[in-house]
Amino acid sequence: MPLLKIDEKKKPIVTLIAILAIVISLISIFVTQCERPPKVNLKPYLGVSEVLADETAKLLGPSGGSIVVISLDTKASKIPTIEAQLNAFHAAIKKKGNITIAATETLSPDKMGEMGPEMGLPSKLFHKALSQHGNANVFVSFLGAPVLKDEEIAQLPPTMPKLIVFASFGMGLKKLFDEQVIQTAIVPNIEPNPNAKKNPVTSREWFDQYYMVVTKETADKLSNY
């Protein structure tokens, strides 16, 4: 069978078409062979933000006030769940009408080692927030409770912003409640919530499935951690 003769002038065009055909073929194989990553259910995270906003409003009272948000730096590293949480919190706070976010303190993801085994708010960042924003009414920490030594707790100022935390673990929180360092904490449920809906739909229903609100009056629950 004779070979197909191609005009020398058309060879570059034919070559380009062949390359494009190969690229498209490879993309097609990749798409068909690779499954899409599972979609993350953001509703539990959004529920945390909504409850944090509600509990912040309770701490401030009807007159409202100023707050400082402490979280991971999502500008340095994109973390969709945390970004969604922060956006939801800002939106919920805005709806309150009388609460102002005075500042945001962030921790770079590459410094998460400073959070220690407790996975809490690093002492250095907490003291920085106190020194720069001590006049705020409430600190809202998405990084958990501050990791403080006994001597650091003893040296805290007699009057300082109230503190509400979202903590992945309840370890060490009981002492901070007793010392009045924190006023409210959101932690994972220690045991199933009997009042939670079996088939949650709203973000608040998803929150009830996985988390609970702890205050000084209910901090004894944390002894089970």
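Just a few scattered comments:
- Pick from the stretch 182-207, criterion free of Cβ contacts under 8 Å to residues at least 60 places away in the same chain and charged (D, E, K, R), ranking: surrounded by the most Cβ atoms within 10 Å (Cβ to Cβ): Lys197
- The set of residues from the stretch 196-225 being under 14 Å from Ala167 (Cβ atoms) and either in contact with a Phe, Trp or Tyr (Cβ under 6 Å, 6 or more places away or on another chain) or acidic (Asp, Glu) (or both) comprises just one member, Ala219.
- Members of the stretch 105-125 found to be in contact (Cβ under 8 Å) with a residue 24 or more places away in the chain and within 15 Å of Leu173 (Cβ to Cβ), listed by number: Met115, Gly116, Glu118, Met119, Gly120, Leu121
- In the set (1) modelled with pLDDT of 95 or more; (2) within 18 Å of Val181 (Cβ to Cβ); (3) within 20 Å of the chain's Cα centre (by Cα), the condition left unmet by Gly116 is number (1).
- Looking only at residues in the stretch 61-73 that are crowded, with 18+ Cβ neighbours inside 10 Å and more than 13 Å from the chain's Cα centre (by Cα), the one that is farthest from Asp110 (Cα to Cα) is Gly65.
- Residues that are touching an Asp or Glu at 6+ places or on another chain (Cβ under 7 Å), among the small types (Gly, Ala, Ser) and either at pLDDT 90 or above or assigned to a helix (DSSP H, G or I) (or both), drawn from the stretch 175-222: Ser203
- Single residue of the stretch 208-217 satisfying the filter (touching a residue at least 24 places away in the same chain (Cβ under 8 Å) and within 22 Å of Val138 (Cα to Cα)) that is surrounded by the most Cβ atoms within 10 Å (Cβ to Cβ): Val214
- Test result for Asp220, touching a residue at least 12 places away in the same chain (Cβ under 8 Å) and surrounded by fewer than 13 Cβ atoms within 10 Å (Cβ to Cβ): yes
The values are calculated or read from the model by the stated rules, or taken from the named source; none is laboratory data. Values in this document were obtained by computation on a predicted structure and should not be read as measured data. Every residue, glycine as well, gets a Cβ built from its backbone with ideal geometry; the counts of neighbours run over all protein chains shown.
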